[in-house]
Each structure stands twice: as structure tokens, then as C-alpha cells.
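The values are calculated or read from the model by the stated rules, or taken from the named source; none is laboratory data. Everything numeric in this text was worked out from a predicted model, so none of it was measured. Cβ: placed from backbone, ideal geometry, glycine included. Neighbour counts: every protein chain shown. Only protein heavy atoms, including side chains, enter the accessible area calculation; ligands, DNA and RNA are left aside. Shrake-Rupley method; radii C 1.70, N 1.55, O 1.52, S 1.80 Å.
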Amino acid sequence: MKEYVSEQLLQIINKLKKQQFIPEDIIPRFTVERTKDKSHGDFATNLALTLAKPAKANPRQIAEKIVSLLPQNGVIEKVEIAGPGFINFFLDESWLARQVSAALADPHLGVSRVKNPQTVVIDYSSPNLAKEMHVGHLRSTIIGDAVARTLDFLGHQVIRQNHVGDWGTQFGMLLALMEQLRHEGHEISMELADLENFYRQAKQKFDDSAEFATRSRQLVVELQSGNENCLALWQEFLTISLSHCQKIYDRLGVGLSPEAIYGESAYNNDLPLVVRDLEKTGLLIEDQGAKCVFLDEFKGQDDKPLPMIIQKNDGGYLYATTDLAALRYRQNQLKADRILYFVDVRQSHHFNHLFAVARKAGFLAATTEVQHMGFGTVMGDDGKPFKTRSGSVAKLADLIDEAENRARMLVAEKNPEMDAAELEEIGRVVGIASIKYADLAKNRSSDYLFSFDNMISFEGDTGPYMLYAYTRVASIFRKAEIDENSLSGEIILGEEIERELANLQIQFAEILSRVAERGTPHLLCAYLYDLASTFSSFYKNCPVLSAESEKSRNSRLQLCLLTARILKQGLELLGIGTLERM
Ligand code: ARG
């Protein structure tokens, strides 16, 4: 809707240019905002004010001119000029009602698919495999997944890429331990069942024994140069480590499968080619034996350009080298139009540098968009990054267990008579929803405080509240035994709150395109929360089943149904499963 108003205004700007009312070459920076106070209409624009200078005219006069050029097509009921020259738009009520009917008749809820679908590569989750997945991997995994789902829903071609760290120096250590254990007759798969402990053992030996450390270094070199024994051990490690990750994805309901895995090791053979091609561009400079790229835009404190090290003096490659190879693969093989990286904001220097070098080197088409969708840290209540009570890094598997247990207790309190099997299932859904929603609802660029008490509660803007809001709407139909598909008749928006609810309902598409553009699922959370709260007031103030006429009852039931469908679909796009009862 906002787009509709903006579109009309852009057409008017063109007309004004043709009429030489404003110069041809200006690009007005105007806004169209939803108004908070409905007495000022549904939207307002400052366009006339921004044109005052170029048109050399009084903004109120310009506003009148703009209003006279607006098309009469039944969408806008009336416009008013306010204050120094703002224009307020009032939506036509019957148009609004028709939009609601149309959304309800559409399985896609009135959200049209984009006209020009893009191939969007999304790099998310991407854990380093040496350890088990921990709280630091939570945000990338679930924010990336929500954005992937949204882009997919809008009709883009989404390619998920799990850029796992499966090739770094720590693998030497892990292989050395595997080798030793096997030699001593231990069953490696048993030892690896607890990856965390396994990593700790390897690290301990590495620090304590010079012999072990030497062997570890040897093994990395052998692994990276293709020694079959090393590769076989490494493969064993990988299989177990990845199955741990997959278990977490499945429990969280995250749409990552083994097909999405394309980790650092996959680029091993490309690394020399990256060096060769960078050499050809003349960007590669030898500095103390290392091959580096220096760009003037990236300077250190001493005002000298910072190096991006591509190859160390011992021949080893770095994180950035692999990322350059990955970028090229995504561009050339996956044919990406857009590449999104859901990675900790603390890596923003790395990504800015990477994108700049890739552009300079011609590894990226000019039209390809690349964006680092950085996110903040999950904090504990001591103001430091979240840890377990014992002070160790919180494993995701343990966090999920705890959330599910707590959610089960919360639900049991509400429903003492519920049988164990149902409680188990509901506890699982509510637990996962709690963790995911708490994270997704925060602006991704800021840090947030992890608190089970706050997230596992029916009070406030929480996962359980959203699930409950959905079941409440859905249960209207079940309790009254109304077939959802039998509803028909006109939508009547007699009450202010009905109008407000309808107005929100038709904003779904607008919100989704913003989430897709900016990679910000918190906008969808805020919208759904708003929808659920507005629905609550509507339900309190407007009798539905006992409405005074059949017509009004039918109209209100349709408003309920569209609310339920948007809530369910919206939560699904966030990766949150719903329950029909709880
Ligand atoms: N494995 C890296 C880490 O844990 C994140 C990788 C993100 N993706 C990328 N293409 N660099 O920090």
C-alpha cells in the first residue's frame, strides 16, 4: 500500500518534470509514512516540502498541484493538505475491504511473487566443526533461516550455503588424537560422540606435548596436500561432527540439509587459482614473504593500508583466501544475483575488505549485490557473552534441552490434566519457539540478553504468547464447528478497530519485502505481535459469534480467519511451528 502511494507520487513527479514545473534532473528525497494518528489519514508524505526549492514555489501550492494530479481510482478516498504542506491520504474503506477478501481468497495471502526473481545465495550457520554447536551459532542459524524462508516465499531462488569450518589448523590436532587413540585400540566413533570433550583432550595434549604438537602440524600439511590416510581420518571426523549439526538443525526446525554443506575444504583446489588470478590483476604484493592485497580504503591506525593476506610465507592460505574462492564459486557456478552473509558483526572488517578486494579483482559482476548481515552477541546477565552456570560455553543441544523442559513445565501448569505424550510434543514446540522468537524479535545488529525466564513466558512479546495468540484465533472455528472454507460475504469495516485490523492485514506483503531487502526478521516479529494485539482488542470489542447480524458475523469471522492465516504463515516464515491447541 505504501508502495502504491509512492508509485503514484513518482508518476506525478514525472508529470511535473514534463510540465517543467520542476527541473528534469532532480531526484526528490521524499518519504511516505504510515500515520500514527488516524485522524491524519492512513499515510502522509512530505513530497511537496521537498519540492519547494527546485520548484521555487510555496509548498502548500505544490501540494495542491500534486493533489490535482492524483488519479481517481477508488483506492484513496480523500486527501488533505496539512500544516506547512504535508499531504495526508485516507484509504477508501470499500477498497480496503476488497483487499481483505482478495487476501483471504489467495493461498499466498495477497503477497504477490516478485516480478524479477533473483538467485540469492545465503551463507548461514557455518560453524567451525572442531567443537559442538554452541550459543554463538544460534543467531546465524535462525536469522539466516528466517530470511531464506522469506525470500523463498516471495519467489526468489534461494541457495543455502553452510560454509562450515572443516579445514583449519585445529584439524591437525584432532587427527593426531584420532591417530593416537586408534593406535591404542580405542573405538574412535565412541570417543567422538562427545566432540566437546574430544576437542579439549586434543588441545590439552597439543599444549602439553611437543611431540604431539609437531605431529599435529605435520598432519595438517599432509591433510591439505591430499594424503589419503589423513583424508580418511578427517572424513570420519567430519561425518560424526556434521551429524551432530544436523541433529541440531532438525531439532530447531532449521531448513539446512547435508546438501547445503559446502565448507572451506571444498575450495581447497581453488586456492592456488585465486592467487594466480589475483597476480594477473596486479593487486598482489609481496610483503615480508607473504602475498597480500593492499587497498587505500582500508587503513590502519598508522594511516598505512592494511594487508589482506592471501598466502602466508610458508605457503599456507587464510580465511580470506577461502572466502574469495567461495565468492567466485557463488558468482560463477551458482550464478548468484545477491549473496548474503549472516555472520557475527565482529567480522565486519573482514567482509568489507573481502567485498572490496573481490570487486577490484573483477571476481564479482557489477550488478551482484553482496551484504554482510552482521549480528550482535548473545549476552548473559553478568554483561558478558552468555555462558553456562559452570562458566563454559553453552552447547546448543543443552540450551534446547533446557528450553524444552522449562516449556513443558509452563504448559503443564496451565493444563494440569494434559497427558504426558501431548505435553511432550507441546513442550517441544513451545520450547523451540521460545528460543527462536526471543532471538528473531531483537534487531539483529544489537547484542541481547539471554534469559530463559523472559523467553519462556506467556506474558509479553514472546514465542509462547505468539503461539497462544494463534491457537486462540484458530480455536474460534473449532469450538463453533465452523468450516473455514464455507465463509463468504462482504467484509464490513464499520468499527474503527476493524478498520485498523484490516489495515494491518494488508501490510503483510510490505513487511515481508522489507525483511527480504534488509535481512531483518525482527520487523516481521513486530508486525505479528502488533497483529495479535490488535486482534485481541478487536475480539474484545466486537462480538464475533454473537454479532448482531449474520452479515456482520460472517465479516468478522473472515477477519478472524485472515488473522489466523497470517499469524501461521508469518510464524512459519520465522521458522516457528504452530499448534492448533495448547
Ligand atoms: N566458520 C566461521 C566462524 O565460525 C564463519 C563462516 C562464515 N562464512 C563465511 N563465508 N566466512 O567464524
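Based on this model, can you work out whether GLY255 counts as under 32 Å from the mean Cα position of the chain (by Cα), touching a residue at least 40 places away in the same chain (Cβ under 8 Å) and surrounded by fewer than 20 Cβ atoms within 10 Å (Cβ to Cβ)? Against the criterion (under 32 Å from the mean Cα position of the chain (by Cα), touching a residue at least 40 places away in the same chain (Cβ under 8 Å) and surrounded by fewer than 20 Cβ atoms within 10 Å (Cβ to Cβ)), GLY255 qualifies. In the range 143-193, the qualifying residues are those that are assigned to a helix (DSSP H, G or I) and within 16 Å of the ligand (Cβ to nearest atom), and the one that is farthest from GLN235 (Cα to Cα) is VAL147. Among residues of the range 442-462 that are on the phi > 0 side of the Ramachandran plot, those with a Cβ under 9 angstrom from a residue that is surrounded by 13 or more Cβ atoms within 10 Å (Cβ to Cβ), sequence gap 6+ or separate chain, pair up as GLY460/ASN454. Here ILE240 meets each of (1) under 17 Å from ASP166 (Cα atoms); (2) within 16 Å of the ligand (Cβ to nearest atom) with one exception, condition (2). Suppose the filter is more than 30 Å from GLN371 (Cα to Cα), buried (at least 21 other Cβ atoms within 10 Å of the Cβ) and over 30 Å from the mean Cα position of the chain (by Cα); does ILE482 pass it? Considered against the rule, which asks whether it is more than 30 Å from GLN371 (Cα to Cα), buried (at least 21 other Cβ atoms within 10 Å of the Cβ) and over 30 Å from the mean Cα position of the chain (by Cα), ILE482 comes out as no. Residues in the range 105-133 that are of a type in the set (A, V, I, L, M, F, W, C) and within 16 Å of the ligand (Cβ to nearest atom): VAL120, VAL121, ILE122, LEU129, ALA130, MET133.
Contact map, the range 9-31: first residue part of a helix (DSSP H, G or I), second residue open to solvent by 60 Å² or more (accessible area, probe 1.4 Å), Cβ cut-off under 6 Å, separation 6 or more or different chains; pairs are LYS17/GLU24.
Would you say TYR341 is of a type in the set (Ser, Thr, Tyr), in contact with an Asp or Glu (Cβ under 9 Å, 6 or more places away or on another chain), within 10 Å of the ligand (Cβ to nearest atom) and open to solvent by 40 Å² or more (accessible area, probe 1.4 Å)? Against the criterion (of a type in the set (Ser, Thr, Tyr), in contact with an Asp or Glu (Cβ under 9 Å, 6 or more places away or on another chain), within 10 Å of the ligand (Cβ to nearest atom) and open to solvent by 40 Å² or more (accessible area, probe 1.4 Å)), TYR341 does not qualify. Cβ-Cβ distance below 6 Å, separation of 6 or more or different chains: which pairs start in the range 315-337 with a residue that is in a loop (DSSP other than H, G, I, E, B) and open to solvent by less than 60 Å² (accessible area, probe 1.4 Å) and end on one that is at pLDDT 95 or above and within 13 Å of the ligand (Cβ to nearest atom)? As it stands, the answer is LEU334/VAL121; ALA336/VAL121; ALA336/ARG330, since those pairs meet every condition given. The conditions of being in a loop (DSSP other than H, G, I, E, B) and touching a strand residue (DSSP E or B) at 6+ places or on another chain (Cβ under 8 Å) are not met by SER112. If you go through the range 361-378 and keep only what is more than 14 Å from the ligand (Cβ to nearest atom) and surrounded by fewer than 16 Cβ atoms within 10 Å (Cβ to Cβ), you end up with GLY362, ALA365, ALA366, THR367, GLU369. Residues in the range 66-93 that are part of a helix (DSSP H, G or I) and open to solvent by 60 Å² or more (accessible area, probe 1.4 Å) were compared, and the one that is farthest from GLN20 (Cα to Cα) is GLU93.
Can you confirm whether the range 235-247 contains a residue that is of a type outside the set (Lys, Arg) and farther than 30 Å from ALA403 by Cβ? Yes: the range 235-247 contains one or more residues that are of a type outside the set (Lys, Arg) and farther than 30 Å from ALA403 by Cβ. Scanning the range 122-142 for residues that are among the aliphatic types (A, V, I, L, M), over 11 Å from the mean Cα position of the chain (by Cα) and either within 16 Å of LEU399 (Cα to Cα) or in a helix (DSSP H, G or I) (or both) returns MET133, VAL135, LEU138.
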